[in-house]
Amino acid sequence: MDKELFDTWEHKKKRQELVNLLREEGITSESVLKVLGKIQRHLFIPKELEEVAYENQALPIGEFQTISQPFIVALMTQALELSGKERVLEIGTGSGYQTAILAELSKEVFTIEIRESLLEKSKKILEFLGYKNIHFKLGDGTKGWEEFAPYDRIIVTASAPEIPIPLWEQLKEDGIMVIPIGSREYQNLYKIIKKLDKKLVENLGGVVFVPLIGEYGWKE
Ligand code: SAM
């Protein structure tokens, strides 16, 4: 199967329009915009939603979970300040779309998903797309992935009541964590820099994410 076969002129055009919109909405990182213009989001969603793949909206991916809105994906990725050298831990693989973006912009990605069917699907598409720098794990991401810690960056793509302690411990000094924190219904997206074990916190704005469930997250 040739992955380019699935990328029609129409998809490319809509992707470019999406990139223009993200720029207008305030995304300034050229490397992030370039990658969002490259990754074929329509390959990560159910076939019947292909028509709306490049709309700036979250979409269902099964199991009552979602692929995040492109603006939020871009905002979170931009906040990570990736240079290409980082080892990134991602909690909540979901569709694998954000994982692909991280794999393009960093050295290695360690991604954890708690729902097996989603992990299997995302793994299949990411392997099909040829990514060799992604490590997959099925399990409770609130506990992190001790074996490969510490990480330069940690991104949590589900909402937490607070920072899961193991994730904070597995973040390097000077590392950056991006995480939505709040209630189950509404959260703020935070960029947190670890400096001398202290937290330098920036609020990136209000968001609505599906819950992060698990030992250091919400109880199901
Ligand atoms: N970034 C994803 C994408 O691009 O499609 C969207 C992720 S979706 C908003 C959140 C994901 O977090 C869901 O797939 C959900 O199953 C997963 N999740 C929830 N709690 C988790 C946990 N404790 N560990 C790992 N994954 C978890």
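The values are calculated or read from the model by the stated rules, or taken from the named source; none is laboratory data. All values derive from a computational prediction rather than experimental measurement. With ideal geometry, Cβ positions are generated from the backbone for all residues, glycine too; neighbour counts draw on all protein chains shown. Heads up: the accessible areas ignore ligands, DNA and RNA and are worked out on the full protein's heavy atoms, side chains in. Shrake-Rupley method; radii C 1.70, N 1.55, O 1.52, S 1.80 Å.
Residues that are among the hydrophobic types (A, V, I, L, M, F, W, C) and either touching a Cys at 6+ places or on another chain (Cβ under 6 Å) or outside any strand (DSSP E or B) (or both) within the range 172-198 comprise just one, L196.
Considering the range 1-32 alone, what residues qualify as being assigned to a helix (DSSP H, G or I) and surrounded by 19 or more Cβ atoms within 10 Å (Cβ to Cβ)? Once the filter is applied, which keeps residues that are assigned to a helix (DSSP H, G or I) and surrounded by 19 or more Cβ atoms within 10 Å (Cβ to Cβ), the range 1-32 yields R15, L18, V19, L22, V32.
Got at least one residue in the range 37-51 being open to solvent by less than 10 Å² (accessible area, probe 1.4 Å) and either part of a loop (DSSP other than H, G, I, E, B) or closer than 20 Å to H135 by Cβ (or both)? Yes. The strands (runs of 3 or more DSSP E) located wholly in the range 72-171 that include 1 or more residues which are open to solvent by 50 Å² or more (accessible area, probe 1.4 Å) and within 12 Å of the ligand (Cβ to nearest atom) occupy 134-138.
This table checks each residue for (1) more than 15 Å from Q65 (Cα to Cα); (2) free of Cβ contacts under 8 Å to residues at least 12 places away in the same chain; (3) more than 12 Å from the ligand (Cβ to nearest atom).
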residue: Y186; (1), (2), (3): yes, no, yes
residue: K194; (1), (2), (3): yes, no, yes
residue: V201; (1), (2), (3): yes, yes, yes
residue: V210; (1), (2), (3): no, no, no
residue: E215; (1), (2), (3): yes, no, no
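In the range 62-71, of all residues being surrounded by fewer than 22 Cβ atoms within 10 Å (Cβ to Cβ) and touching a helix residue (DSSP H, G or I) at 6+ places or on another chain (Cβ under 8 Å), the one that is nearest to P166 (Cα to Cα) corresponds to Q65.
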